[in-house]
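Report on the structure given below.
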């Protein structure tokens, strides 16, 4: 790489050596000191490379497996999730691939089940750790969480918990158990042990966002990195469903059935008959 380019490009995590006759093409790429195409390409798993990219070091076997479990668990939140449903709507409408993914990112970014909720919940984990008393105080004052952020509205429920569910969903419990088998000395293990106590305090069952947050803290990620990774990890499902809906067409698009209590149209019809 020429001295002129070195003076312009600054990256703590990435370094490139330019091809001799083409300064715009890399001859070798280094991620935190590792030659990506010589040292990493055939010797590391994808979770190991992600960890190296974001954390700057090789993960242990247990950490790499835990990260892999997490990525599988949230790769496809399913059609009920707003981010996936937004991508499906874009796909069935014939929007370009980028539009479908941007729709998924936008719908999955917020404080209610989205990546920003993970950010807020990770802040709670950083503040409260494995102290039940600290969690009790924090969960009794949820309006203080994220109060200074002007871009996002106030969280309407404690981050990491499901606002409308009656009990903890089976996939949430299964993901928590799977992660605890590899992260057995941190927040995830403590969460598995004290889940029901936290649910009683918050008045809500644990949500997948709560599991994601605890796991990402255990893996050493900051709340900002956790928010970014949550957005990214959910994209495979959004992409697959967008492609599927683009093939099946609008007539087969799955709309949610909604029961409207005190439907005005029904009331108007009843009044007319009287």
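The values are calculated or read from the model by the stated rules, or taken from the named source; none is laboratory data. No experiment lies behind these values; they were computed from the predicted model shown. Positions of Cβ are generated from backbone atoms using ideal geometry, with glycine treated the same way; all protein chains shown enter the neighbour counts.
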Task: Output for the range 1-17, where each listed residue is farther than 19 Å from residue 57 by Cα and at pLDDT 90 or above - done: 17
Open item on the list: One residue is enough: does the range 135-144 have a residue meeting the conditions surrounded by fewer than 21 Cβ atoms within 10 Å (Cβ to Cβ), in the same structural domain as residue 196 (by TED's automatic domain parsing), out of contact with any strand residue (DSSP E or B) (no Cβ under 9 Å at 6 or more places or on another chain) and assigned to a loop (DSSP other than H, G, I, E, B)?
Closed with: yes
Task: Every residue from the range 75-84 that is surrounded by fewer than 23 Cβ atoms within 10 Å (Cβ to Cβ) and assigned to a helix (DSSP H, G or I) - done: 82
- [ ] Spot the failing condition for residue 221; the list is (1) outside any helix (DSSP H, G or I); (2) over 13 Å from the mean Cα position of the chain (by Cα), and only one is missed.
- [x] (2)
Open item on the list: As an exercise: evaluate residue 164 against (1) outside any loop (DSSP other than H, G, I, E, B); (2) out of contact with any helix residue (DSSP H, G or I) (no Cβ under 9 Å at 6 or more places or on another chain) and give the number of the one condition it does not meet.
Closed with: (1)
Task: Residue ID - nearest to the chain's Cα centre (by Cα), chosen from residues in the range 91-125 that are outside any helix (DSSP H, G or I) and over 14 Å from residue 232 (Cβ atoms) - done: 113
